[in-house]
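Report on one structure; see the data block that follows.
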Amino acid sequence: SRRPHARPALDAAVMLESAGRLPPFTAFGTDLEAEGALARVASQLAYQRELIIVCSDAAPTASASNALNTVLQLRALGLHHVLFLSDSPASCLSMRGALPDIACVWSSRLPKTMPANPGLCAKMYWGYAFYFYDLRKHYAARLAIEFGVNVLQTDTDVVWLSNPYPTLKGIYRGVQLVSMSDTPLVNAGVFYAQ
């Protein structure tokens, strides 16, 4: 027998699927530091106040291939509200060559050198991959605080086999920040702010 308030399984399976439901993305190649850019991106790409962030450059490396694969995995799940945050307009153009309708932006805020007062993680592991750490946390915080958008941020070495929203909106519905532990630190490889 069915519980009185149970949601049908089909509803959970298609939860927050945005394929075919988003307006045209006209902010392609935009510098998020430009005035009003983040607001424009949020208004065009956040679906029911949800946005997924994937970060990478477009260098011919495994990282860029993994990033593109991550976007394609999410799209295969019907999740098209994915913002690809890159390091330059040229990287966005390169990624567009592989995926013509990718929602790619960049940021002139991207640090090219280690910050003057780096945290423990930057001191221990500084490298090009870490350039995006500050960036994605910065924009995830701004999207959540300024625009009320829930943000799922994912590394490019994560494999998405199913829609994460039934879990995030189910057992984690009362949790504001879902993250992984990397004792003694918090691993920001995948985090969700709601």
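Estimate the FRET efficiency between K123 and S162 by the formula 1/(1 + (r/R0)^6), using the beta-carbon distance for r and 30 Å for R0, to the nearest 0.05.
Working: r = 37 Å, r/R0 = 1.22.
Efficiency, rounded to the nearest 0.05: 0.25.
Excluding ligands, DNA and RNA, what is the solvent-accessible area per residue of the chain at a probe of 1.4 Å, expressed in Å²? Can you show the working numbers first?
Details: 10270 Å² over 194 residues.
Accessible surface, normalised per residue, equals 53 Å².
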Most positive-pole-ward Cα, V71, H81, G170, against dipole of the stretch 28-171 from beta carbon charges:
G170
Restricting the calculation to Cα positions, tell me the Rg (one decimal) and the Dmax (whole number) of the chain in Å.
16.9, 61
Using θ = phi - 60° and the Karplus form 6.51 cos²θ - 1.76 cosθ + 1.60, what ³J(HN,Hα) does each residue of the stretch 24-35 get, whole Hz, x for Gly and Pro?
x, 8, 9, 9, 3, x, 6, 7, 5, 7, 5, 4
Under 11 Å from the Cβ of H81, count the other residues' Cβ atoms, weight Lys and Arg +1, Asp and Glu -1, and hand me the total.
+1
Would you mind working out the magnitude of the charge dipole of the stretch 18-81 relative to its Cα centre, with +1 at each Lys and Arg C-beta and -1 at each Asp and Glu C-beta, to the nearest 20 Debye?
340
Would you work out what percent of the accessible area of the chain, with all protein chains in place, is carbon or sulfur (probe 1.4 Å)?
57
The summed charge of the G36 Cβ neighbourhood (under 14 Å; Lys/Arg +1, Asp/Glu -1) stands at -2
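Multiply the residue gap between M180 and S65 by 0.36 nm, knock off their C-alpha separation, and tell me the result in nm, one decimal place.
Numbers: separation 115, 0.36 × 115 = 41.40 nm, distance 2.37 nm.
That works out to 39.0 nm of additional length.
The values are calculated or read from the model by the stated rules, or taken from the named source; none is laboratory data. The structure displayed is predicted, hence computed values, not measured ones. Because the Cβ atoms are built from the backbone with ideal geometry, glycine has one as well, and the counts that use them run over all protein chains shown. Only protein heavy atoms, including side chains, enter the accessible area calculation; ligands, DNA and RNA are left aside. Shrake-Rupley method; radii C 1.70, N 1.55, O 1.52, S 1.80 Å.
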